Amino acid sequence: MELMGTASPPQAGTGDKPEVDLSRDNSLLRVLDRLILYLRVVHSLDYYNGSDYPYEDEMPNRCGIIHVRGATPDKCTLTEVQEWQKSINQKLEPFLQEKELLKDEEVVQLGKKDPEAYPLHQVM
């Protein structure tokens, strides 16, 4: 939780949930905004929505206006922070999984061509 702030214990006798003080670094937020915009424009990945648009033609129809980070409150409960972390992890998990590579036999079955069978000097 050190990245999100420090949790303060609940008030005695009030039954309130622990709160987290949120601090902002505007220079880091500026870099973050640029990185997220880069992901959106170059790789068609909508970070906040957790969507990947493999075809550029689908992007405006499915996404519409670009999602942006809203204003953050000064304080929020520890439960809200944990729910947000869980939600964003679920959205981004498919993009972070390692892709399985095909075996050589499977690649040949799919039509891999042997470059030695077609030497370049015979073509020119």
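Structural remarks
- Residues in the stretch 14-35 that are modelled with pLDDT of 80 or more and of a type in the set (S, T, N, Q) were compared, and the one that is nearest to ILE88 (Cα to Cα) is SER23.
- When the stretch 36-48 is filtered for residues that are surrounded by 14 or more Cβ atoms within 10 Å (Cβ to Cβ) and either modelled with pLDDT of 85 or more or part of a loop (DSSP other than H, G, I, E, B) (or both), the ones remaining, listed by number, are ILE36, LEU39, SER44, TYR47, TYR48.
The values are calculated or read from the model by the stated rules, or taken from the named source; none is laboratory data. A quick note: this is a predicted structure, and the numbers were derived from the prediction, not measured. FYI the Cβ positions are ideal-geometry reconstructions off the backbone, even for glycines, and counts take in every protein chain you see.
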